[in-house]
1. Using a/c under 1.5 as the rounded threshold, could you call the range 64-174 rounded, prolate or oblate? The axes a ≥ b ≥ c are square roots of the C-alpha gyration tensor eigenvalues, and prolate needs a/b larger than b/c, oblate otherwise.
2. Taking a probe of 1.4 angstrom, what is the accessible area of ASP122 in Å², to the nearest 10?
3. Summing +1 for each Lys or Arg and -1 for each Asp or Glu, what net charge is found among the other residues whose Cβ lies under 12 Å from the Cβ of GLY94?
4. With a 1.4 Å probe and all protein chains kept in place, how much accessible area does VAL82 have, in Å² rounded to the nearest 10?
5. Do any GluC sites (Glu not before Pro) in the range 54-95 lie in a DSSP loop with no more than 15 other beta carbon atoms within 10 Å, and if so, which?
6. Could you give the distance between the Cα centres of the range 34-98 and the range 131-178, to the whole Å?
7. With the full set of protein chains in place, find how many percent of the accessible area of the range 71-178 is carbon and sulfur; take the probe as 1.4 Å.
8. So if R0 is 22 Å, what FRET efficiency would ILE62 and GLN159 give, r being the distance between their Cβ atoms, rounded to the nearest 0.05?
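The values are calculated or read from the model by the stated rules, or taken from the named source; none is laboratory data. Because the structure is a prediction, the values reported are computed rather than measured. Cβ coordinates were reconstructed from backbone atoms using ideal geometry, including for glycine residues, and neighbour counts include every protein chain displayed. Side chains are part of the model used for accessible areas, which takes the heavy atoms of the whole protein and leaves out ligands, DNA and RNA. Shrake-Rupley method; radii C 1.70, N 1.55, O 1.52, S 1.80 Å.
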Amino acid sequence: MFLHNIKQKLLVTVAVSASALGLVACEVGAYPLDIFPEMHYQQSYKTQEPPAVPTPSGSIPIQGREVVQTPEQLATAENPMVTNEDQASVTVAGSKLFATNCAMCHGNLADGESEVAFRFTDAGVRAPPSLTSGPAAAYSDGILFSILTHGQSNMPAFQRLLTTDERWMLVSYLRSIQK
Ligand code: HEC
């Protein structure tokens, strides 16, 4: 019974002092030392607050989903990148995209020489071909774009991995190395 009382007293004391401290801590800056730092006062983004930092351009999509055209429609499509005045940066961007997305199959030099290509040959299927010569060099820009968009046989489709601009940059890059 005695112990029980002490326990009760302790509980009451703790509860009272905790609530007192809690009340005081509600005033931000009232204490030099925040005993119960509240998440409410953190530097987080709150509803209806203007953006804290300006968002980098392009980080919020505003143009909706891509309207995917059929290979027939794309066959005569023109590369919008050719009107870009800075052709050098288009080609550099394309070469970086190629190194990341295509080189493992088509080879670093796009000549069809890759470890993966040998595996295709071993398996008896058409290997990733050279893109600097052969059919790829004869295709129109639109057909190249269509193959990147829809894939072809064992060549994967890149429509959901690369943006429209990125695929056209790749077409520009392929054109530059085919010359
Ligand atoms: C998984 C391996 C793989 C990757 C990655 C890959 N390709 Fe291919 N690609 C192939 C194969 C295999 C073919 C041959 C398809 C066929 O049988 O017609 C091909 C065919 C092509 C063709 C048609 C060439 C022709 O002679 O018909 C083009 C153009 C092409 N790829 C471009 C690219 C580009 C650009 C990328 C990067 C965005 C890429 N590929 C990524 C495997 C790949």
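1. On the way: a/c = 1.82, a/b = 1.41, b/c = 1.29.
Taking the square roots of the gyration eigenvalues as a ≥ b ≥ c, the range 64-174 is prolate.
2. 130 Å²
3. Values: positive: LYS96, ARG167, ARG175; negative: ASP165, GLU166.
Result for the neighbourhood of GLY94: +1.
4. Result for VAL82: roughly 90 Å² accessible.
5. Values: sites: GLU66, GLU72, GLU78, GLU85; in loops: GLU66, GLU78, GLU85.
Sparse-neighbourhood loop GluC sites (Glu not before Pro): GLU66, GLU78, GLU85.
6. For the range 34-98 versus the range 131-178, the Cα centre distance is 22 Å.
7. Details: 3410 of 6060 Å².
Looking at the range 71-178 in its full context, I get 56 percent from C and S.
8. Working: r = 20 Å, r/R0 = 0.89.
For ILE62 and GLN159, the calculated efficiency is 0.65.
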